[in-house]
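Heads up, the thing below is written out as structure tokens.
The values are calculated or read from the model by the stated rules, or taken from the named source; none is laboratory data. In this text the structure is predicted, and so the values were computed from the model without any measurement. Note that each Cβ is placed from the backbone with ideal geometry, even for glycine, and that neighbours are counted across all protein chains shown.
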Amino acid sequence: MEARIEVEAKRSSGFNLPSGDRDPVPNALDEGMWAAAAEGRLVVQRCHSCRAHRFPPTRTCYRCRSTDWSWDPLPGTGVIATYTWVRDGARTGTAVPGDHYNVIVVDLDGTEGEPVRMVSNVVDAWGPEDIAIGMGVELVTLRLADGIGLPLFRRSIAGESS
Amino acid sequence: MTLRDAACIVGTGESAYGKRGSLAERGELGLACEAIEAACADAGLDVGAIDGFSSYCDDRCVPTSLAPQLGIPSWRYAAMAWGGGGSSLPTAVLHAVMAVVTGAANYVTVLRSNIQGSIRLGGRMAENFRVSYTDAFGLDIPLAVYAMKARRYLDTYGVDPSALGAVAVTQRAYAGANRRAVYQQPMTMDDHDASRMVVSPLRLYDCCMESDGASAVIVTTPERARDLAKTPVVIGAMAARTNYRLNSSMVYTMSDQDLAASGQSAAAGEVFSTAGCRPEDVDVAGFYDGCSASVLWALEDWGFVERGSAGDFVLGGGTRLDGALPVNTAGGHLSEAYQQGLGQLIEGVRQLRGESVNQVAGAEIFLYSSGPGLAPGGGVLLHT
């Protein structure tokens, strides 16, 4: 396993991300989404029976109870449903005074069935004026190790988003 | 069958309350025993008569330890409403009511004991809901979940953010008269606005405290209650259920309405229909206040005010003692103590007995509401 990207490395990458050891721990159900992110893609589960997308990963479809599914790629664009700014010092053992990161809930584009939301970060937002509900974002991934990446987002640039 | 008016609360008890870690040497088990003994004394009931235990929130005081420590010679019933710090108290009350109504037990104590030395609000979420889909992105404290819901709420309805401070200031004023309260000193809106931003839009004084303490109530049947010391408070109705597709972070599988609320609206309808009353019949309420915004959400989920108007209601004094619906009259989690809702329920009993230091004149109906949580949430309606 490669060394984790530590706080300074994340900063030097130009990404605003929470500090500390918080790499995802893939399991048999969700390893595919982290592996896809390591390759620069965003995938979510899609039910083979009713065709609905769903997140977070579950064994059984909440609509039709089917357990047949596969990973389905999404375009990687979305809209911020809500967000917060977290003071790093609010977290036990990782006090970095004055350091804030954002957490968003993003409504993902390109899904069928019902809206699909996930939690993520906007890596190029550094202060309150950089984020708003309803703002468009687009996928940017961070590869942490072999088979493990994070699906993150950046602010959509007018004229470039599809 | 219905559980309407089928059981009652005959005693309440609380240990001392203190700031986080201040009561650690007494232990969670010791504090729980103090609270149960106080509740039995209040009821005029011998502790040895307790034959059932009902707890929630994964309380660490297990009945197999409590019973011998309390000197209980024989007992027969125990229930746990797993998980859900903000949500599961109504289910714990339901378990107690079902037990005494069916004869599975005669006297059940509903209890909560919490020493916040090791389990921190500001620490990461419990292992059972600390999952990669949230933790990997820094969403690892319950207050950050509340903050995202609060942001969505303020934005959706255009609510004046100063309503958050009004909740905190109102509850501190109540706590000023409550000698049990951990925080009694007066708070102004300026004090609130000067407190540091913890997880925007929530400031320090919007967040529930970390504290030590234990509390308990005794539940039995109306028949058995006749032989006890005080006039029983009747449990008119209780209900709990999860939101549609509520999942492990509380923010990414909810409906748009529930993303900007506590998500207790379905249970609210069940409680009122079972009890046979309406929101306007409620005299005083206790809402689980994981943060100040929780009070606004509960006012709307239970139909006391229209969606989006709870801010104006609170800013106009609606939850003060002279308002239309006094709320959290002992100070709540923001100012009294963090007892995961049981402190609010006990204050409800005091109100209906006429024993509160912030007494609502002639109070006959009290409503408790859960806050957001992962386990089924809802409410408990008490009446005289």
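What's the number of the only condition in (1) surrounded by fewer than 17 Cβ atoms within 10 Å (Cβ to Cβ); (2) acidic (Asp, Glu); (3) not in a loop (DSSP other than H, G, I, E, B) that residue B:306 fails to meet?
For residue B:306, the failing item is (3).
So that you can scan it fast, the table gives a plain yes or no per residue for (1) crowded, with 24+ Cβ neighbours inside 10 Å; (2) over 24 Å from the mean Cα position of the chain (by Cα):
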site: B:71; (1), (2): no, yes
site: B:78; (1), (2): no, no
site: B:92; (1), (2): yes, no
site: B:111; (1), (2): yes, no
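For the range A:45-69, what are the residues that are crowded, with 20+ Cβ neighbours inside 10 Å and more than 11 Å from chain B (Cβ to nearest Cβ)?
A:45, A:46, A:47, A:53, A:61, A:69
Table: residues versus (1) over 20 Å from the mean Cα position of the chain (by Cα); (2) part of a strand (DSSP E or B); (3) at pLDDT below 95.
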| position | (1), (2), (3) |
| --- | --- |
| A:29 | no, no, yes |
| A:45 | no, yes, no |
| A:50 | yes, no, no |
| A:66 | yes, no, no |
| A:95 | yes, no, yes |
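Can you report the number of residues in the range B:202-221 which are of a type in the set (A, V, I, L, M), within 14 Å of chain A (Cβ to nearest Cβ) and either touching a residue at least 12 places away in the same chain (Cβ under 8 Å) or farther than 17 Å from residue B:141 by Cβ (or both)?
Of the residues in the range B:202-221, 1 are of a type in the set (A, V, I, L, M), within 14 Å of chain A (Cβ to nearest Cβ) and either touching a residue at least 12 places away in the same chain (Cβ under 8 Å) or farther than 17 Å from residue B:141 by Cβ (or both).
Would it be correct to say that residue B:311 is outside any loop (DSSP other than H, G, I, E, B), closer than 19 Å to residue B:182 by Cα and of a type outside the set (A, V, I, L, M)?
no
Checking the structure you have, find out if any residue of the range B:194-201 is within 14 Å of chain A (Cβ to nearest Cβ), under 19 Å from residue B:334 (Cβ atoms), of a type in the set (Gly, Ala, Ser) and surrounded by fewer than 24 Cβ atoms within 10 Å (Cβ to Cβ).
Yes, the range B:194-201 contains at least one residue that is within 14 Å of chain A (Cβ to nearest Cβ), under 19 Å from residue B:334 (Cβ atoms), of a type in the set (Gly, Ala, Ser) and surrounded by fewer than 24 Cβ atoms within 10 Å (Cβ to Cβ).
Please verify whether the range B:162-173 includes one or more residues that are within 12 Å of another protein chain (Cβ to nearest Cβ), part of a helix (DSSP H, G or I) and under 24 Å from the mean Cα position of the chain (by Cα).
no
Have a look at B:263, B:269 and point out the one that is free of Cβ contacts under 8 Å to residues at least 12 places away in the same chain and outside any strand (DSSP E or B).
B:269
Those residues that are in contact with a strand residue (DSSP E or B) (Cβ under 9 Å, 6 or more places away or on another chain) and over 18 Å from residue B:39 (Cβ atoms), I need them from the range B:63-84; list them, please.
B:64, B:76, B:80, B:81, B:82, B:83, B:84
Residue-by-condition table, conditions (1) over 30 Å from residue A:128 (Cβ atoms); (2) touching a helix residue (DSSP H, G or I) at 6+ places or on another chain (Cβ under 8 Å); (3) among the aromatic types (Phe, Trp, Tyr); (4) free of Cβ contacts under 8 Å to residues at least 40 places away in the same chain:
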site: A:38; (1), (2), (3), (4): yes, no, no, no
site: A:42; (1), (2), (3), (4): no, yes, no, no
site: A:54; (1), (2), (3), (4): yes, no, no, no
site: A:61; (1), (2), (3), (4): yes, no, no, yes
site: A:78; (1), (2), (3), (4): no, no, no, no
site: A:81; (1), (2), (3), (4): no, yes, no, no
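Select from the range A:103-122 the residues that are more than 11 Å from chain B (Cβ to nearest Cβ) and buried (at least 20 other Cβ atoms within 10 Å of the Cβ) and list them in ascending order.
Once the filter is applied, which keeps residues that are more than 11 Å from chain B (Cβ to nearest Cβ) and buried (at least 20 other Cβ atoms within 10 Å of the Cβ), the range A:103-122 yields only A:111.
Pick out the one residue from B:227, B:155, B:191 that is within 14 Å of chain A (Cβ to nearest Cβ) and charged (D, E, K, R).
So the residue among B:227, B:155, B:191 that is within 14 Å of chain A (Cβ to nearest Cβ) and charged (D, E, K, R) is B:155.
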